[in-house]
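The values are calculated or read from the model by the stated rules, or taken from the named source; none is laboratory data. The structure displayed is predicted, hence computed values, not measured ones. Here the Cβ positions follow ideal geometry from the backbone for every residue, glycine too, while neighbour counts run over all protein chains shown. What goes into the accessible areas is simple: the full protein's heavy atoms, side chains included, and nothing from ligands, DNA or RNA. Shrake-Rupley method; radii C 1.70, N 1.55, O 1.52, S 1.80 Å.
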Amino acid sequence: MGTFDGLPVPSDKTYLREELARIDESWVAARFDSLPHVVHILTSKDRETDILLLREQSDVVEEVVDEVVHAYHGGFNKAIQNYSQILRLFSESTDKIGDLKHDLAEAKRSLGTRNKQLHQLWYRSVTLRHIISLLDQIEGIAKVPSRIEKLIADKQFYAAIQVYLQSSLMLEREGLQTVVGALQDVRSELAKLRGALFFKILDDLHAHLYNRGEYSSVASSIYERDDEVPTTTAVAASRMSSQPLSRRTRTLKGDSQFGVRGLTNGSHRTASTEEGSSFDGHDEEDSVEHEEATGDGQTIRNGTDSKLLSYQLPPWLSDSSPDEFIEAVRKSDDPLHVKYLQTLVQCLCMLGKVAAAGAIICQRLRPTIHEIIISKIKAHMETKNLSKSACSQGDRTGAAGLHFIKGQSEAYRLSKDKPQNGTSNSGTHLAVSPVSPLMAPGGKAQAAAKDLLDSILDTIVKIFENHVVVGELLELRASQHDINTPKSLPTDVNWNADSEASQATGGYTISFPLTVLQSECQQLICEILRATPEAASADAAAQTAKLAKKAPKKDKRQALLSALVKWSVEEDASEDGVTFTFRFTDATVSISNQAGADLIRQGWGKRAPNSSQEGYGSAAVLPEQGMYLAASIYRPVLQFTDKITSMLPKKHSQLVNDGLLTFTENFVKDHLLPTMFVDYRKGVQQAISSAAAFRPRAHTTTYTPTVEKGRPILQGLLAIELLAKEVLGWAQAMPKFATDLVKYVQTFLERTFERCRTAYMEAVLEKLSYRLIGRHDIERLMRLDTGSACLPSQLGHSVSHSEAVGSEVELCELFLNLPSIKQDNLIRDDNKLILLASLSDSLEYVADSIERLGQAVPRAASQAEGNSRNQATSPRNLASFADEYRKLATDCLKVLRVEMQLETVFHLQEMTNREYLEDEDAEEPDDFVISLTSQITRRDEGMAPFISGEKRNYVFGGICGIAASASIKALADMRSINLFGVQQICRNTIALEQAMAAIPYVDGDSVQQNLDRVRTYYELLNMPFEALLAFIAEHDQMFTPTEYSNLLKVNVPGRDTPSDAQIRLSEILSH
């Protein structure tokens, strides 16, 4: 049914639910209609049963009702009691409210009678409380000066400025100083403290700009002076070198009261550098760990632990009141020294003293840099003196440090060491080189200059990085608000007389320190190079004119300069009781953007009136000075410029265009290169024109392959090789000018080659050997000779044995078919032949050296040569000169070989047109053979020190072949020969064989084979005719048909030769 499901029926009377379920739903309808039930009973047949059923259902319902009443009667009773209590409380509240209304009405009537008296009492209490507060403030303000002095003594500058500004604002409010006269003295004392605080902050900023401060990034030993800068046992910041040199403050954006948004969004972050760079060598500083000091005095390592302090409050802000700037510093990731510089700049901005500080920094900049450079030079001098005392033998060793050509240090040592042959090359070097060994590439002077300049420029870079940080911060503040008005103080027009940004910073911009730093560096370089700034700086006028275009008009510039010379900021004494006066007399300081132009207009390198004029004292450190030191200066300057460029903001990147690098490059281009060309051209001329330049000199009897051990290179060519190495050493040191220097070398090599060609022609002119090697057929045959493999320039291909033998036979035929050779056709002077041998070896040595040097030519020169190939007159590269030198060396060897072959032919041609009818056994060879062998021995001994064994074999190796051919061919022209004549010829071959065997490296087997062939050929004359024919039949390939025929034609006494001998010989050879 569902209607009675929620009734509280006990569990023991569950039958009631069943009974209720049987009751029809019509009994529980919302609108019960009894009529249908009455009609049903009246019309029912069994009325009693229906009535009884209804009664039972009624009893069930009543019983259920009893159970419900029994279950809920307790709650009904409690509800009735609560309701009664509520009614009672309402009744009591109504009575009390009535009484309260009555009391309030009585009070209102009582208070209304004394209203004015109460108001007077309230006003008096308010006044008294205000007076008590003012008295408390006056008591606190009276203690402010001593508090500020204590903060200044503790170097809590930011906290001191906070106290000063709060006190000044309190004094200005509501005219308190006019009410309390005693506060005027306090205000005057605060004004004095403002000046003292300004100069303390300025001194600290100046010290940290030059890395002399407590929190500087570099703790240099030359600045550890107790009377100048206080030092601490723990370095307050990590070294700047532990961060890339391209680090600089980013462009700061946003504006707030203290520039907090700029500090947060433009934090001083590190950025990686690209370049060598070069440079060449600051990684060792990066590996050094430095200590950092925490606020509580503890010391940690500048490594992983430093990250734990990145969000801690710096020690110099420990007493400051929290504000936006302090929160930004605490959250910043900048290095400690950068945070400190930011704090000092913020202090100057809060004081409104930025212009005065900028002008003073500009005034002190040049003298300070000058002092720093002198200090670095003195430190180097002390180190040098210590090293000399510690190592007294250091001067005997080769200079270490600057190596321009990799692997060429041995070449420069030639000017210092004494070779084993007893001669010294230092005389040659000093005679032809325009520079001393100290100034040569890799010399001690070059190494010392580079080391000195590297150290100084590295210090300058670290100083300039601090100036970039400060300059960017000042430029940001100048673009955001008036930085020359103290924070929270009324504006005074005397503090901001010019709206220009440069005027707002007192002339201090990033361009000004960059110009001064480069100017001082240029002065140092000019002193090292012994060059005056006016003469050295060819672009000074153009640079001045360029910058002058950006300068303000004359009237404004004069006004600014006059304000700079005497700039007084005076506050009314009647109001403050104090006067501030700042006077700057350094005329080189400018407070406009044309600071760099004014500085250069006075002359680059012109020092301020108060700076030292005696120079830097670099001569005490460098072994020698001169313009050739520009080679060692160029690379440090280039690296310095790259570092400076990487640190500059983009809008200032053009400042380095006309700086130190431009000056150095112009000096090299306009002064060093022309001087170098003239000096080295003169040295080359002296080397190749002296009488001893092409005079062979040997102090050993055998050939040595190295110059150090006595290889007798011609002095002229050895000097040229040393000069070429020096010039290419300059090219390696200055890659940008490598193209010009390589051209110089090419010019020198070309002139030297012409002189060598002249010496060669003087020896071979109008000689038969020179004409023969110029013939194409002979040149081709000589190229096929196996001995030509040892030639310096071998352009041929691999040759087979048959081709080599055939070419040798053909070449001998050509020489033997020449007309009768006369003495005038030969080089009879042995000295000329020795000269050719020495010239060949020297040319080959220079060619090898040129080839090695060509591989070490800087890439810039190679690229320049590659780009010039498209021009009509493309310059030759060094490799082509090496090929020319080798070709001339090869021609010398060819002339020597052909000359010895022609000498052999000349001597052996006396065998023809004579009779060898001797009467006794031969004990001595013929006179012409004796002359030939003595000549071979003499020339071999003369050439032995100048050419290697392979080349000696090439020069003398062709003698036996042509001697054999000439001896065999001479039989055709002999009229008669007997047994003793044959023995004489054999004795001649033995003498020749002995002479050749005395020459080392000559192929003895080849000599013996050729001369055995001659002896075999002539011994055939001793055979009877029939035996000769039998021999020919068995060895028909040993000699040619013509040679066999000549055996039968010659008249041999005692040998019977039939008339048909030639016919029978032909028949045998034809088979």
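Which of the residues spanning region 1039-1071 are small (Gly, Ala, Ser) and not in a helix (DSSP H, G or I)?
Here is the first cut: in region 1039-1071, the ones small (Gly, Ala, Ser) are 1045, 1054, 1059, 1061, 1066, 1070.
If the condition is that a residue be small (Gly, Ala, Ser) and not in a helix (DSSP H, G or I), then Gly1054, Ser1059 are the ones that fit.
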Note on Lys307: of the conditions (1) of a type in the set (Lys, Arg); (2) at pLDDT below 85; (3) within 25 Å of Leu648 (Cβ to Cβ), unmet is (3)
For region 815-845, how many residues are part of a helix (DSSP H, G or I), out of contact with any Leu (no Cβ under 9 Å at 6 or more places or on another chain) and of a type outside the set (D, E, K, R)?
-> 4
Write out, first by first residue and then by second, each pair whose Cβ atoms fall under 7 Å of each other, whose residues are 6+ apart or on separate chains, and whose first residue, in region 961-990, is outside the structural domain of Thr1057 (by the TED database) while the second is open to solvent by 10 Å² or more (accessible area, probe 1.4 Å) and assigned to a strand (DSSP E or B).
-> Arg975/Asn1051; Ser976/Asn1051
Out of the residues in region 680-737 that are part of a helix (DSSP H, G or I) and β-branched (Val, Ile, Thr), state the one that is surrounded by the fewest Cβ atoms within 10 Å (Cβ to Cβ).
-> Val727
Out of (1) more than 26 Å from Val727 (Cβ to Cβ); (2) at pLDDT 90 or above, the odd one out for Glu813 is which?
-> (2)
Which residues, counting only those in region 762-780, are in a helix (DSSP H, G or I), open to solvent by 70 Å² or more (accessible area, probe 1.4 Å) and of a type in the set (D, E, K, R)?
-> Glu762, Arg771, Arg780
Gly615 versus (1) buried (at least 19 other Cβ atoms within 10 Å of the Cβ); (2) not in a helix (DSSP H, G or I): which is the lone unmet condition?
-> (1)
Output the qualifying pairs, or none if there are none: Cβ atoms under 7 angstrom, residues six or more apart or on different chains, first residue in region 905-916 and of a type outside the set (Val, Ile, Thr), second residue open to solvent by 60 Å² or more (accessible area, probe 1.4 Å) and part of a loop (DSSP other than H, G, I, E, B).
-> Gln909/Ser820; Glu915/Arg975
Members of region 18-37 found to be open to solvent by 100 Å² or more (accessible area, probe 1.4 Å) and either outside any loop (DSSP other than H, G, I, E, B) or within 13 Å of Arg55 (Cα to Cα) (or both), listed by number = Glu18, Arg22, Glu25, Leu35
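Identify, please: which residue in region 621-661 is assigned to a loop (DSSP other than H, G, I, E, B) and charged (D, E, K, R) and is, among those, most open to solvent (accessible area, probe 1.4 Å)?
Pass one, region 621-661, residues assigned to a loop (DSSP other than H, G, I, E, B): 621-626, 648-649, 657-659.
Imposing the further condition that a residue be charged (D, E, K, R) reduces the set to 624, 658.
Numbers: Glu624: 62, Asp658: 37 Å².
If we take residues in region 621-661 being assigned to a loop (DSSP other than H, G, I, E, B) and charged (D, E, K, R), then Glu624 is most open to solvent (accessible area, probe 1.4 Å).
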With the first residue restricted to region 435-458 and required to be open to solvent by 20 Å² or more (accessible area, probe 1.4 Å), and the second required to be acidic (Asp, Glu), Cβ contacts under 6 Å at 6 or more apart or on different chains are Leu438/Glu624
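Please specify each residue of region 738-761 satisfying the condition of being among the hydroxyl-bearing types (Ser, Thr, Tyr) and either open to solvent by less than 10 Å² (accessible area, probe 1.4 Å) or in contact with a strand residue (DSSP E or B) (Cβ under 8 Å, 6 or more places away or on another chain) (or both). Show your work before the answer.
Looking only at region 738-761, we keep the residues that are among the hydroxyl-bearing types (Ser, Thr, Tyr), and these are 739, 744, 747, 752, 758, 760.
Hits for region 738-761 are Thr752, Tyr760.
Which of the residues belonging to region 153-164 are surrounded by 15 or more Cβ atoms within 10 Å (Cβ to Cβ) and within 18 Å of Leu202 (Cβ to Cβ)? First the steps, then the outcome.
First, pick out the residues of region 153-164 that are surrounded by 15 or more Cβ atoms within 10 Å (Cβ to Cβ): 155-164.
Hits for region 153-164 are Lys155, Gln156, Phe157, Tyr158, Ala159, Ala160, Ile161, Tyr164.
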Of the residues in region 971-1014, those that are surrounded by fewer than 20 Cβ atoms within 10 Å (Cβ to Cβ), of a type in the set (D, E, K, R) and part of a helix (DSSP H, G or I) come to Asp973, Arg987, Asp1005, Asp1012, Arg1013
Pairs with Cβ under 6 Å, 6+ apart, first in region 796-814 and outside any helix (DSSP H, G or I), second open to solvent by 50 Å² or more (accessible area, probe 1.4 Å) and modelled with pLDDT of 65 or more = Gly796/Arg783
Return yes or no: is Arg1055 of a type outside the set (Gly, Ala, Ser), farther than 30 Å from Met900 by Cα and surrounded by fewer than 20 Cβ atoms within 10 Å (Cβ to Cβ)?
-> yes
